[in-house]
Structures are given as structure tokens and as C-alpha cells.
1. When Leu40 is evaluated against the numbered criteria (1) open to solvent by less than 50 Å² (accessible area, probe 1.4 Å); (2) modelled with pLDDT under 95, which criterion, by number, is the only one it fails?
2. Within the stretch 100-134, count every residue that is among the aromatic types (Phe, Trp, Tyr) and more than 16 Å from the chain's Cα centre (by Cα).
3. Does Asn97 count as within 15 Å of the chain's Cα centre (by Cα), over 21 Å from Val27 (Cα atoms) and polar (S, T, N, Q)?
4. Please list, ordered by residue number, the strands (runs of 3 or more DSSP E) wholly in the stretch 43-160 having 2 or more residues that are open to solvent by 70 Å² or more (accessible area, probe 1.4 Å), of a type outside the set (D, E, K, R) and in contact with a strand residue (DSSP E or B) (Cβ under 8 Å, 6 or more places away or on another chain).
5. For Thr30, only one of the following conditions fails: (1) modelled with pLDDT of 95 or more; (2) over 19 Å from Leu124 (Cα atoms); (3) over 15 Å from the mean Cα position of the chain (by Cα); (4) open to solvent by 60 Å² or more (accessible area, probe 1.4 Å). What is its number?
Amino acid sequence: MCREKYNGKQVLGVLGMKKVLEATCPVVCTCSIDKVVGNLIPLITVDCSHKGLTEMPKTLPLNTTTLRLQNNKLTDVMPLVNNTDYLNVKDVYLDYNKIASIDVLEGSKWLESFRLLSLRGNYLTQDLILKYESYVKDINDIRCEISENDETSNLLIIFWLLK
């Protein structure tokens, strides 16, 4: 049996993980193992950015912790609520899509355990900032979109919400 190590892990175990990852990665996405922890548990990033997607992937590889979906045409975040493949995803990048609301996340198990939800450049008109203010680390940096002849242009969201 091969006892060679790769970053301190058994080579055959890591190669087996890579093979499973290739088979379970959504077709239009790129999947990578960021780190292998504990008893050969991979931490996986799935990158589906810039693919013109209108829906989030229906399936994700086991142990996906980071999901990148920037610059697509997504309008819905429901898979974060009702798809068990998303339950352990901690970091979700949804920048520059067409998302107008994230209300469906309220009260979800995913919202209780996430680490990062990035929504820059979407069509949000209201969100959960006030209700979950203690979780929003950059609340004093979040601004309205810059636009001409708009009184809210580049306004700090927290000030606009408190108006």
C-alpha cells in the first residue's frame, strides 16, 4: 500500500477524493480541494462564476464549504434554504447577479450557520441588515449603488435604513 504523504495526508486518499470531486462537480463549474483536514475530510470550493447561470446548481460535491456564483443571472437564493447540498456551505459569493430579495433566508438553518454571504451589485431594495446587524461585520461600509440624480447614491445603507 502506498504510504507516501501529500501535505501530511495519504496520497491514495487524496487522489481518491480528487476522482470523486471530478465526478460530482457541476458540469459548468470548477471544483477544487482547498484543504484536507482531520481524517481525510476535504474542504471544497465550487466556482460557477461568469457562466450565465439563471439557477444555482442543483447538486454540490460533499463537503463544499465555499461557493462562488459571481457575475451570473441568478434571481433566487432558495437552494440555500431547501437544498440539503447547501447546508454546509459556509461562504457564498453571489456578487453581480439579479437578486432582488433574500427574505427567504430568514429563519433558515443555513442563515444560522453561514460565515459569509456576499451580495454586491445585486438588485436588493431591502434586506436583513437591521434584524441581523450583529452578524454584518462590514455594516458601516455597505453603500447604495452610485447613480446620477439619486439622493441615495453612494449613501451608507445603515443611514438610509434609519431614515
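The values are calculated or read from the model by the stated rules, or taken from the named source; none is laboratory data. Remember, it's a predicted structure, so these values are computed and weren't measured experimentally. When we count neighbours, we look across all protein chains shown, and the Cβ atoms used for this are built from the backbone with ideal geometry, even at glycine. Please note that ligands, DNA and RNA were not included when accessible areas were found on the heavy atoms of the full protein model with its side chains. Shrake-Rupley method; radii C 1.70, N 1.55, O 1.52, S 1.80 Å.
1. All conditions pass for Leu40, except number (1).
2. Taking the stretch 100-134 first, the residues among the aromatic types (Phe, Trp, Tyr) are 110, 114, 123, 132.
Adding the requirement that they be more than 16 Å from the chain's Cα centre (by Cα) leaves 123, 132.
Count: 2.
3. Numbers: within 15 Å of the chain's Cα centre (by Cα): yes; over 21 Å from Val27 (Cα atoms): no; polar (S, T, N, Q): yes.
So Asn97 does not fit the description; no.
4. Details: elements: 64-68, 91-93, 116-118.
In the stretch 43-160, there are no strands (runs of 3 or more DSSP E) which contain 2 or more residues that are open to solvent by 70 Å² or more (accessible area, probe 1.4 Å), of a type outside the set (D, E, K, R) and in contact with a strand residue (DSSP E or B) (Cβ under 8 Å, 6 or more places away or on another chain).
5. All conditions are met except number (3).
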